[in-house]
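So the structure is just underneath, and the comments pick up after that.
Derivation of every value follows stated rules applied to the coordinates shown; laboratory data play no part. Since this is a predicted model, take the numbers as computed values, not measurements. Cβ sites come from the backbone with ideal geometry, for glycine too, and all protein chains shown count toward neighbours.
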Amino acid sequence: MGLGSPDPGVNPLAAAPMPVLTELLGGPLLAGLPPVTRAGLVYRPLDATLGVEGLPQSATGQTTLLTGVNGAALMHRHYGPWPGPTLKRVLEEETLFHQAQRLGGARLANAYPDDYFRAMEGRRYRPNAPVVAARSAAVELRDLEAYRRDEGVAVDLTGERFVRMRPDLAPQGPRDAARVLARLTAGASLTFFDVWLTDVFGHAQDGAEAVALLARLDALLGSLLELGAGESFTLLLTSDHGNLEDLSGRGHTENRVPLLVLGPGASEFLEARSLLDVAPGVRRFWGDATGA
Ligand SMILES: [Zn+2]
């Protein structure tokens, strides 16, 4: 999701109740919001175009976020949603997941349903960039049994889809999801939560679903703050490209995207201007934290 207009008719970020984020940032998450710099809190709008013509896409943007390598420059275009051979090579070599595994461990917090694992066996299986990176770094993909044990997060922040698939599972609201995420951060250097549904609702131009999801994301953020985000762990929120913030079209946008960093690592992102600056900032933080 990107930073868009204040018109609630096209931008769900202008329509959704997001009291936690709005109070943190001093205003709603829109294009006009100025950078924020406070102790333990940095907010910057980031350029997602990577110096390449055309609309930003997921595979190149996510590869850039996870590696610091300009995926769009490498491909000579924006490419997505799934990484092909060129981007996979970069993602299988060295990403934040690989580096975190060598430090205190990496987690991909999302839980994936049974049909996802069945699809993995097939020839048509196309993993996204975080999954390619995680698997290459020997990070476990969480299934519905992990979800049942409160060790995996449902991307919808309700668990409704999982409960429909398996009625014996319990729903998982934003507060439950925050508890799972906060617990996963203990003993790990990186806990990654891939909120891919924002892109789905953007393509579907589904304002009602978008507003509801954004309200749950705000509640998740509020619960994470209560559970130590910004103190016992650094929380970084960003996006690979715009889409959801402009429902007047079905596609991605060239809008800038938010970078919010809360906690001890925030000061590493004071100079962040583009997607390229995210991975280096995380690495500097890890370097500081380990004395490397
Ligand atoms: Zn998309």
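Among rounded, prolate and oblate, which fits the range 53-126 when a ≥ b ≥ c are the square roots of the eigenvalues of its C-alpha gyration tensor, a/c under 1.5 means rounded, and a/b larger than b/c means prolate? Provide the component values of the computation, followed by the final result.
Values: a/c = 2.08, a/b = 1.17, b/c = 1.78.
Oblate shape, in that a/c is at least 1.5 and b/c is the bigger or equal ratio.
Going by neighbour counts of Cβ atoms within 10 Å, the residues Glu268, Glu121 line up, fewest first, as Glu121, Glu268. Each label point was placed 7 Å from the Cα along the Cα-to-Cβ direction; for Glu145 and Leu225 their separation is 3.8 nm.
For Leu41, nonlocal amide neighbours, meaning residues 5 or more places apart or on other chains whose placed amide H falls under 5 Å from its own, are Gly263. Each Lys and Arg adds +1 at its Cβ and each Asp and Glu adds -1 at its Cβ; summed about the Cα centre, the chain shows a dipole of about 560 debye.
Is the shape of the range 205-292 rounded, prolate or oblate, going by the alpha carbon gyration tensor and its root eigenvalues a ≥ b ≥ c, with a/c under 1.5 for rounded and a/b larger than b/c for prolate?
Values: a/c = 3.92, a/b = 1.52, b/c = 2.58.
Oblate shape, in that a/c is at least 1.5 and b/c is the bigger or equal ratio.
Averaging Cα coordinates gives a centre for the range 229-286 and one for the range 154-214; these two points are 19 Å apart. What percent antiparallel are the DSSP beta bridges of the range 12-290, to the nearest 5? Taking every DSSP beta bridge with both residues in the range 12-290, the antiparallel ones total about 65 percent. First check a/c for the range 1-109, with a ≥ b ≥ c the square roots of the eigenvalues of its C-alpha gyration tensor; if it is under 1.5, answer rounded, and if not, answer prolate when a/b is larger than b/c or oblate otherwise. Note, shape of the range 1-109 comes out oblate. Within the listed set Gly281, Gly40, Gly202, the residue fluctuating most in the Gaussian network model of the chain (springs between alpha-carbon atoms under 10 angstrom) is Gly40. Between the listed residues Ala146, Ala178, Gln101, the Cα displaced farthest toward the positive end of the dipole of the chain, a dipole computed from Cβ unit charges relative to the Cα centre, is found at Gln101.
State the three equivalent ellipsoid semi-axes of the range 114-240, derived from the C-alpha gyration tensor as the square roots of 5 times its eigenvalues, in descending order and whole Å.
In descending order, the three semi-axes are 22, 19, 16 Å.
Take every Cα pair under 8 Å whose residues are at least 6 apart in sequence, average their separation, divide by the length of the chain, and the relative contact order is 30 percent.
Here the ratio of the Cα radius of gyration of the range 74-179 to 2.2 N^0.38 Å is 1.18. Rounded to the nearest 500, the helix-only mean residue ellipticity at 222 nm of the chain stands at -11500 deg cm²/dmol, with each DSSP H run of n ≥ 4 adding -39,500 (n - 2.57). Taking every alpha-carbon pair within the range 12-290, the share separated by more than 25 Å comes to 44 percent.
In plain terms, the chain from Trp196 to Asp168 could stretch by 7.6 nm, reckoned as 0.36 nm per residue minus the Cα-Cα distance.
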